[in-house]
Amino acid sequence: MKRKVTKAIFPVAGMGTRFLPATKSVPKEIMTLVDRPLIQYAIDEAREAGIKEFIFVTSRGKGALEDYFDIAPTLEASLRKAGKRELLEILKSTNMESGAIAYIRQHKALGLGHAVWCARRLISNEPFAVILPDDVIAAEKPCLQQMVEAHQETGGCVVAAMEVPHEKASSYGILDIKEDLGAMVSVKGMVEKPKTGTEPSNLAVIGRYILTPHVLRNLTKIKQGAGGEIQLTDAIAKEIEQGRDVYGYRFRGQRFDCGSKAGFLQATVAFGLAREDLRDEFLQYLNEMVSLQQAAQ
Ligand code: UTP
């Protein structure tokens, strides 16, 4: 029986420059899709996958994230007084069991690999998950849960993978496929942001990982890679060189890149349309907008 995955690292120390000026004072992860911040989607997904300990790698100016998962005594008291039970219930999803959440600071934004490495002392000899909250995945069964189940079968490292157009491969970590097993692929190499035309496949890694503690040891030795950053991809690729198993997992679901403006807007439309309380009015508005745009062309 493989060890259960009960800890997840949430690297949230990036500067979010693509959303300036908003991210000057608001962490990207607090930005909302409909009425919930990105981080709430990530936490809910982790909980459903059986995660019990939540490790945030934060940075200066991310205090709003800590407050978000704290209790809000004044707000809760006033809602209680006003008999607003439904709103109190909504707030419950933001409450964390004491001690279940830890915050570690990444003092310099040296890259995703470095952010994960900052959490090394909170992980012992066990597999752990990494979730990037700006990748939001709409799925019937939450993406991380699918991956945890797959990992129970395979062990090793499992990274979420999806096909991307070849011309976009240079924006992702790309898998070099050893054997295509359907939903799973075994991997013989990984390259971060390959130059266009050099990509070994069009299977890209997106922001969900189940990793072995060896990856943390590899990160200790990893030098700056693509973009001058310490890359998580390079530490996982080292695993393969060291003869350990790495798999890509083609998850079932739709991924939105909420770290980009276009992706965020698309997610807002998709999540807005998925909400029963908003759907009719929103759809009518969208149809009107499309008609107006078409008429103006
Ligand atoms: P991004 O590449 O999206 O960078 O990071 P970013 O800083 O968040 O955003 P832009 O590109 O400036 O707009 C991917 C994930 O890795 C985390 C980010 O918080 C995000 O979840 N990250 C990145 C860190 O925690 N530390 C880093 O040094 C870099």
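All of the numbers you see were taken from the coordinates with simple rules; none came from a lab. Here the structure is a predicted model, which means the values were calculated and not measured. Don't worry about glycine lacking a Cβ; one is built from the backbone with ideal geometry, like all the others, and counts go over all protein chains shown.
Residues are listed down the side, and each one gets a yes or a no for (1) within 15 Å of the ligand (Cβ to nearest atom); (2) in a loop (DSSP other than H, G, I, E, B); (3) under 14 Å from the mean Cα position of the chain (by Cα); (4) closer than 21 Å to Lys28 by Cβ:
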residue: Thr94; (1), (2), (3), (4): no, yes, no, yes
residue: His114; (1), (2), (3), (4): yes, no, no, yes
residue: Val136; (1), (2), (3), (4): yes, no, yes, yes
residue: Ser170; (1), (2), (3), (4): yes, no, no, no
Q: Can you work out which of the residues in segment 25-50 that are of a type in the set (S, T, N, Q) and within 16 Å of the ligand (Cβ to nearest atom) is farthest from Leu216 (Cα to Cα)?
A: Ser25
Q. Can you tell me how many residues in segment 216-269 are within 12 Å of the ligand (Cβ to nearest atom), touching a Cys at 6+ places or on another chain (Cβ under 8 Å) and of a type outside the set (Phe, Trp, Tyr)?
A. 0
Q. Somewhere in segment 126-133, is a residue in contact with a helix residue (DSSP H, G or I) (Cβ under 6 Å, 6 or more places away or on another chain) and without any contact (Cβ under 8 Å) to a residue 40 or more places away in the chain?
A. no
Q: Determine which single condition Ala22 fails, assuming it passes every other condition in (1) within 12 Å of the ligand (Cβ to nearest atom); (2) touching a residue at least 40 places away in the same chain (Cβ under 8 Å).
A: (2)
Q. Counting residues that are within 28 Å of Gln146 (Cβ to Cβ) and touching a residue at least 40 places away in the same chain (Cβ under 8 Å), which helices (runs of 4 or more DSSP H) fully inside segment 181-297 reach at least 3?
A. 213-221, 232-241, 261-273
